[in-house]
Amino acid sequence: MSNNTIYLPKNLSEALKILNNSKEKVLPLAGGTTLLLNPTEKFSYIELDGLNLDYIKSDKNNLSIGAMTTIGQLAAWPQSARYWNGLIRECTLTIASTPNRNMITAGGNIVGLRPWSALAGVLLLLDGKIITARGKNYTAKEFFSKLPKTILGKNIVTKIRIPLNDKDLIGKWKKFSLTETDYPILSMGILYKLKNKNTIENIKIVATGLTILPQRFIKTERMLKNKQLTDNIIKLLTKSLQNEAVIGADIRVAAEYKREILGAIFKDILP
Ligand SMILES: Cc1cc2nc3c(=O)[nH]c(=O)nc-3n(C[C@H](O)[C@H](O)[C@H](O)COP(=O)(O)OP(=O)(O)OC[C@H]3O[C@@H](n4cnc5c(N)ncnc54)[C@H](O)[C@@H]3O)c2cc1C
C-alpha cells in the first residue's frame, strides 16, 4: 500500500473531480474489505468515509440507506421488524462475521459485486433504486443486469432507495454455506403475500451464488400465483425452479450439487 495515494475529499463534488480528473487509476474506498485485503500498486483511492453517507432514514414513501452504512448498522437497525417482516436484518446477519459486518458497506457490497453479495438479491426483491453522486438513478434490475462497475463508470453510489408501498409483505432469507461465517455456496430470498393460510397470492423469488449476478425466477413466481401449497405443487414448482436456474462454474461444488441445494432451500423457505 505504501505507494498508493489515499485522497480525503471534503465533499462529494471534490470526490467526483478527483475521480474524473486524476491521471492515475482511482477507486472509491468504502469498507475496504476487498480493496485493502488485495491492495495493488496500480490504484489510488478516494476515501468515502466522512462524506455523511452513513444513515438509514424513512419517510412515508421510501427507505433510504446511505452507501457508507455498514452491514452491521443494517443488521442492528431497531426498526427492521416493521418492514418486510425483518427481511433486511435476516439477510444482513447472514453476511460474514460481526467484525466484517462492521466494515462492509452497503455501497461496497452492491458495487463490488461477488456471487455471494447478499444485498443485491434483497434489492431485486424489494425493487430498490441505486442513486449516484451524478444524479443517476438505476433500478436494481438494471444495476444487476451486468457487472455494476461497468454500469456505474466514473461515478459514486450515494444511496439506496427502497419503496415502502409493499412493506407489509413477508420477506425471508436463507443461506447455505459450509460453516456459519463462510462465503455462501448460495442464498435464496422470497417476498410474498398469502391469500389464506397456505395459498400464495403472489411471490418473488431470488437466489444469489448461482452466477455472479443475482437471479429472479419469474416463471416459477407466475406458476405459484394463487396456488395452494400442497406437496404435489411444491414438488412441481421445485422442478420448475431448478430448471429455470442458470448455474455457473464454482470451484467449490458441482453445478448439479448446487441445483439440488437450490431445490432443498426452496422447500425450506416456502411458507
Ligand atoms: C471474510 C469475508 C466474508 C464475506 N462474506 C460475505 C457474505 O457472506 N455475503 C456478502 O454479501 N458479502 C460478504 N463479504 C463482503 C464482500 O465480499 C465484499 O468484501 C464487500 O461487499 C465489499 O464491501 P466494502 O464496503 O468493503 O467495499 P470496498 O472493498 O471498499 O470496495 C469494493 C468495490 O466497490 C467500489 N465501491 C465501494 N463503494 C462504492 C461507492 N459508494 N460508489 C462507487 N464504488 C464503490 C470500490 O471502488 C471497489 O471497487 C465478505 C467479506 C469478507 C472479507
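The values are calculated or read from the model by the stated rules, or taken from the named source; none is laboratory data. A quick note: this is a predicted structure, and the numbers were derived from the prediction, not measured. Don't worry about glycine lacking a Cβ; one is built from the backbone with ideal geometry, like all the others, and counts go over all protein chains shown.
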Yes/no for ILE205 being closer than 22 Å to ALA75 by Cβ and either part of a strand (DSSP E or B) or within 14 Å of the chain's Cα centre (by Cα) (or both)
no
Total residues in the range 125-141, condition buried (at least 24 other Cβ atoms within 10 Å of the Cβ) and either outside any strand (DSSP E or B) or near the ligand (Cβ under 8 Å from one of its atoms) (or both)
4
Hey, among the residues in the range 214-236 that are surrounded by 16 or more Cβ atoms within 10 Å (Cβ to Cβ) and not aliphatic (A, V, I, L, M), which one's farthest from ASN196 (Cα to Cα)?
PRO214
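Take residues that are more than 16 Å from TYR7 (Cβ to Cβ), in contact (Cβ under 8 Å) with a residue 40 or more places away in the chain and not charged (D, E, K, R) and tell me which of the strands (runs of 3 or more DSSP E) falling wholly in the range 21-62 contain 1 or more. Lay out the reasoning, then the answer.
Numbers: elements: 25-29, 43-47, 56-58.
Fully inside the range 21-62 and qualifying: 56-58.
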Here is a check on your reading of the model: is ARG259 more than 20 Å from the chain's Cα centre (by Cα) and part of a helix (DSSP H, G or I)?
yes
Looking across the range 77-112 at residues that are surrounded by 19 or more Cβ atoms within 10 Å (Cβ to Cβ) and on the phi > 0 side of the Ramachandran plot, the single one that is farthest from the chain's Cα centre (by Cα) is TRP84
Based on what the data block shows, is ASP59 modelled with pLDDT of 95 or more, loosely packed, with under 11 Cβ neighbours inside 10 Å and not basic (Lys, Arg)?
yes
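State yes or no: is ASN198 modelled with pLDDT under 95 and either surrounded by fewer than 21 Cβ atoms within 10 Å (Cβ to Cβ) or within 14 Å of the ligand (Cβ to nearest atom) (or both)? Write out each step before concluding.
Details: modelled with pLDDT under 95: yes; either surrounded by fewer than 21 Cβ atoms within 10 Å (Cβ to Cβ) or within 14 Å of the ligand (Cβ to nearest atom) (or both): yes.
Yes.
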With GLY189, GLY121 as the choices, which residue is within 24 Å of GLY263 (Cα to Cα), assigned to a strand (DSSP E or B) and in contact (Cβ under 8 Å) with a residue 12 or more places away in the chain?
GLY189
Out of curiosity, is SER64 surrounded by fewer than 21 Cβ atoms within 10 Å (Cβ to Cβ), away from the ligand (no atom under 12 Å from the Cβ), at pLDDT 95 or above and within 15 Å of the chain's Cα centre (by Cα)?
yes
